[in-house]
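Contents: one structure, followed by commentary.
The values are calculated or read from the model by the stated rules, or taken from the named source; none is laboratory data. What you see is a predicted model; the values in this text were computed from it and never measured. Here the Cβ positions follow ideal geometry from the backbone for every residue, glycine too, while neighbour counts run over all protein chains shown. With ligands, DNA and RNA removed, areas are computed over all heavy atoms of the protein, side chains included. Shrake-Rupley method; radii C 1.70, N 1.55, O 1.52, S 1.80 Å.
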Amino acid sequence: MNTAYNFAFFDEGSKREIRRATLKAIAIPGYQVPFASREMPIGRGWGTGGLQLTLSLIGKTDVLKVIDQGSDESVNAVNIKKLVRDTTGVEITELTREATLIQSRHRIPEVPLNKDQILILQVPIPEPLRFYEPQESVTKKHHAEKEYSGAWLMLFEQIIKYGSMTTGADHPVMVHDRYVMAPSPIPRFDNPKMNHSEALILLGAGREKKVYAIPPYTKVVSLDFHDYPFEPETFQDKQCRLCGSTGVFFDELVDETTGGTVYQCNDTSYCIETLNSVEALGGVK
Amino acid sequence: MKLDVVHDLQSVYRKVVNATSRPGMISNLSDEALSVENIPVQCAASIWVLALTLLDQEVTFKVYSAQAEKASRAINQLTYAKPVEINEADFIFVLSDAEEGSLEEAIELGKHGTLMNPHNSATIIVEAENVNDGVELLLSGPGIQTSTSVNVCLTGDWIASRNQKNREYPLGIDLMIIDKEHQLLSLPRTTQIIENRVVV
């Protein structure tokens with residue numbers, strides 16, 4: 001642990017400011033609370049929002065897991081883990097169920113979260129209405145008036161053009177029947193996990209200087225139409241080429257020797273855990 | 001033992017986060033509260049711990065108490081937060097020795113934000129006799145699976161005032177109730193309260 005820095009990198013004033021914003025965010029689910037967003041030793045847009053939330057929350061007894069698009073070992077995840085560990089000395093884990101704080105970019109882990117965990121999502125663009133309205137003052141007014149016809153129109157246009165809703169990730173959701181919210185670029189597959197989640201979910205956008213939250217057991221509904229219901233990605237009849245799991249979110253890869261398409265768990269720690277348990281049972285040699 | 005402003009306040013914050021994200025779940029702040037030395041006015045030490053966790057020169061506050069002036073000065077000296085009139089305060093403290101009706105007044109006059117900026121609203125921190133033994137309240141809303149009950153010993157008609165104040169969601173005030181045993185009950189604006197009156 002590097003003692004030249006404050007515990008958890010920030011000075012106490014910075015933490016307090018983030019903490020106050022976070023508490024208001026929890027009190028108003030889905031509403032984007034502006035915050036100061038301090039300079040960080042990583043670039044804005046590279047997870048600074050999530051990192052600031054993590055640093056404001058973390059204590060000596062926490063166990064941290066950081067993932068980047070399902071992977072515990074990608075550069076972004078590794079560097080964030082290093083920074084937090086160097087300034088706090090907390091234990092780092094890859095096992096989802098061992099972690100008390102999980103910072104993630106673009107995925108919600110496969111292992112269901114429990115009430116003692118907090119999921120922190122990094123958000124590049126927190127404003128779900130930004131796609132069709134560039135002005136912050138106008139989108140704020142839309143939120144104030146619950147004027148979300150544009151959000152539905154955006155999906156409607158996709159249906160007209162392509163026959164289905166084409167949001168690959170970041171499919172907008174309605175939180176607690178009040179705010180339309182960007183769930184961060186998680187795949188549609190993960191959207192239902194936000195509804196009545198057991199764990200508190202915090203979302204932080206460092207570049208855009210916003211934090212927002214979904215408390216546990218909060219109604220989160222993905223926007224859709226009666227005749228075009230929301231559908232998560234399906235991986236029916238697909239199986240992980242490494243661990244044999246089904247019904248999880250897969251990466252689609254090309255096997256270079258055969259040229260065929262193969263599937264592999266996107267959540268690496270889930271895949272390794274499954275592999276290990278299969279091996280312990282004597283399944284794979 | 002002296003209060004550690006880094007680690008103790010972090011653990012207070014996490015307990016406040018837990019209590020606020022799961023209304024009805026009571027967090028105990030006694031470990032941290034008991035490390036506070038020299039409380040300037042007669043009130044639960046956990047009130048000071050909360051003030052230290054949440055207040056600084058960037059926010060404003062108001063105190064309701066028989067020794068309001070003394071308490072205000074102490075909070076100002078401790079945190080550099082600025083004492084202001086009730087309708088401007090970010091944080092409102094209602095101590096147990098406040099006049100009857102103070103909590104209702106705080107709820108009624110505290111700022112509830114605007115539709116553009118609902119987060120610019122007051123957080124009211126109330127000192128209660130007990131949050132484990134009193135009138136049974138049935139809570140529901142975000143953070144609560146179906147419904148949960150708490151027993152709060154707090155006099156006055158504050159529930160009606162709160163319902164009236166929070167009628168136009170997302171506008172509203174957020175309440176934190178702390179008792180003499182340093183137990184914290186947080187009631188954000190989304191929590192619906194039904195008073196469970198026993199009919200004899």
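Within the option set B:Ser72, B:Ser46, B:Ser35, being assigned to a loop (DSSP other than H, G, I, E, B) and of a type outside the set (Phe, Trp, Tyr) holds for one residue only, B:Ser35. Number of residues in region A:21-42 that are open to solvent by less than 10 Å² (accessible area, probe 1.4 Å), at the interface with chain B (Cβ under 7 Å from one of its Cβ atoms) and among the aliphatic types (A, V, I, L, M) equals 4.
With the requirement that a residue be open to solvent by less than 30 Å² (accessible area, probe 1.4 Å), free of Cβ contacts under 8 Å to residues at least 40 places away in the same chain and either farther than 16 Å from B:Gln10 by Cβ or of a type in the set (S, T, N, Q) (or both), what does region A:85-98 give you?
Initially, region A:85-98 is screened for residues open to solvent by less than 30 Å² (accessible area, probe 1.4 Å), giving A:87-88, A:90, A:93, A:96.
Restricting the remaining residues to those that are free of Cβ contacts under 8 Å to residues at least 40 places away in the same chain gives A:90, A:93.
Passing the criteria: only A:Thr93.
Counting the residues of region A:1-20 that are open to solvent by 10 Å² or more (accessible area, probe 1.4 Å) and within 8 Å of chain B (Cβ to nearest Cβ) gives 7.
Per this entry, A:Lys82 is counted among residues that are more than 19 Å from the chain's Cα centre (by Cα), more than 10 Å from chain B (Cβ to nearest Cβ) and open to solvent by 30 Å² or more (accessible area, probe 1.4 Å). In this structure, does A:Leu57 turn out to be open to solvent by 10 Å² or more (accessible area, probe 1.4 Å), within 10 Å of another protein chain (Cβ to nearest Cβ) and in contact with a strand residue (DSSP E or B) (Cβ under 9 Å, 6 or more places away or on another chain)? For A:Leu57, the condition - open to solvent by 10 Å² or more (accessible area, probe 1.4 Å), within 10 Å of another protein chain (Cβ to nearest Cβ) and in contact with a strand residue (DSSP E or B) (Cβ under 9 Å, 6 or more places away or on another chain) - is not met. Close contacts from region A:5-20, counting a first residue that is among the acidic types (Asp, Glu) and a second that is open to solvent by less than 40 Å² (accessible area, probe 1.4 Å), with Cβ to Cβ under 6 Å and a gap of 6+ residues or different chains, come to A:Glu17/A:Ala36.
Tell me whether region A:200-222 contains one or more residues that are assigned to a loop (DSSP other than H, G, I, E, B), buried (at least 19 other Cβ atoms within 10 Å of the Cβ) and either hydrophobic (A, V, I, L, M, F, W, C) or not assigned by TED's automatic domain parsing to the domain that holds A:Thr54 (or both). Scanning region A:200-222, I find no residue that is assigned to a loop (DSSP other than H, G, I, E, B), buried (at least 19 other Cβ atoms within 10 Å of the Cβ) and either hydrophobic (A, V, I, L, M, F, W, C) or not assigned by TED's automatic domain parsing to the domain that holds A:Thr54 (or both), so the answer is no.
With respect to the conditions (1) surrounded by fewer than 22 Cβ atoms within 10 Å (Cβ to Cβ); (2) facing chain B (nearest Cβ under 8 Å), A:Ser71 falls short on a single one, namely (2).
Can you tell me which residue among A:Leu51, A:Leu101 is open to solvent by less than 10 Å² (accessible area, probe 1.4 Å), within 14 Å of chain B (Cβ to nearest Cβ) and either in contact with a helix residue (DSSP H, G or I) (Cβ under 6 Å, 6 or more places away or on another chain) or closer than 24 Å to A:Asp11 by Cβ (or both)? Break it down stepwise before answering.
Working: A:Leu51 fails: within 14 Å of chain B (Cβ to nearest Cβ).
Only one candidate passes the filter, namely A:Leu101.
Residues in region A:233-246 that are surrounded by fewer than 20 Cβ atoms within 10 Å (Cβ to Cβ) and free of Cβ contacts under 8 Å to residues at least 40 places away in the same chain: A:Thr234, A:Phe235, A:Gln236, A:Asp237, A:Lys238, A:Gln239, A:Arg241, A:Leu242, A:Gly244, A:Thr246.
Is there a residue being within 13 Å of chain A (Cβ to nearest Cβ), surrounded by fewer than 21 Cβ atoms within 10 Å (Cβ to Cβ) and touching a strand residue (DSSP E or B) at 6+ places or on another chain (Cβ under 9 Å) anywhere in region B:1-11? Checking region B:1-11: at least one residue is within 13 Å of chain A (Cβ to nearest Cβ), surrounded by fewer than 21 Cβ atoms within 10 Å (Cβ to Cβ) and touching a strand residue (DSSP E or B) at 6+ places or on another chain (Cβ under 9 Å). Within region A:253-266, one or more residues are touching a residue at least 40 places away in the same chain (Cβ under 8 Å) and either farther than 24 Å from A:Pro34 by Cα or surrounded by fewer than 15 Cβ atoms within 10 Å (Cβ to Cβ) (or both). Within region B:46-71, count every residue that is more than 14 Å from chain A (Cβ to nearest Cβ), surrounded by fewer than 21 Cβ atoms within 10 Å (Cβ to Cβ) and either within 16 Å of the chain's Cα centre (by Cα) or among the basic types (Lys, Arg) (or both). Number of matching residues: 1.
Meeting the requirement of 3 or more residues that are within 14 Å of chain A (Cβ to nearest Cβ) and modelled with pLDDT of 95 or more, the strands (runs of 3 or more DSSP E) wholly within region B:100-200 are B:123-128, B:174-179, B:183-187.
From the list A:Phe249, A:Phe230, the one residue that fits, being at pLDDT 95 or above, open to solvent by 10 Å² or more (accessible area, probe 1.4 Å) and within 18 Å of A:Asp68 (Cβ to Cβ), is A:Phe249.
Please tell me if A:Lys141 is part of a loop (DSSP other than H, G, I, E, B), open to solvent by 40 Å² or more (accessible area, probe 1.4 Å) and free of Cβ contacts under 8 Å to residues at least 40 places away in the same chain. Quick ask: steps written out before the conclusion?
Working: part of a loop (DSSP other than H, G, I, E, B): no; open to solvent by 40 Å² or more (accessible area, probe 1.4 Å): yes; free of Cβ contacts under 8 Å to residues at least 40 places away in the same chain: yes.
No; evaluated as a whole, the condition is false for this residue.
Residues in region A:144-154 that are assigned to a helix (DSSP H, G or I) and open to solvent by 40 Å² or more (accessible area, probe 1.4 Å): how many? Steps first, answer last, please.
Here is the first cut: in region A:144-154, the ones assigned to a helix (DSSP H, G or I) are A:144, A:149-154.
Now drop any that are not open to solvent by 40 Å² or more (accessible area, probe 1.4 Å), which leaves A:149, A:152-153.
Number satisfying all stated conditions: 3.
For region B:113-171, the set of residues classified as basic (Lys, Arg) and open to solvent by 10 Å² or more (accessible area, probe 1.4 Å) consists of B:Lys165, B:Arg167, listed by residue number. The residues in region B:17-45 that are under 28 Å from B:Lys70 (Cβ atoms), open to solvent by 60 Å² or more (accessible area, probe 1.4 Å) and either among the hydrophobic types (A, V, I, L, M, F, W, C) or away from chain A (no Cβ under 14 Å) (or both) can be counted, and the count is 6.
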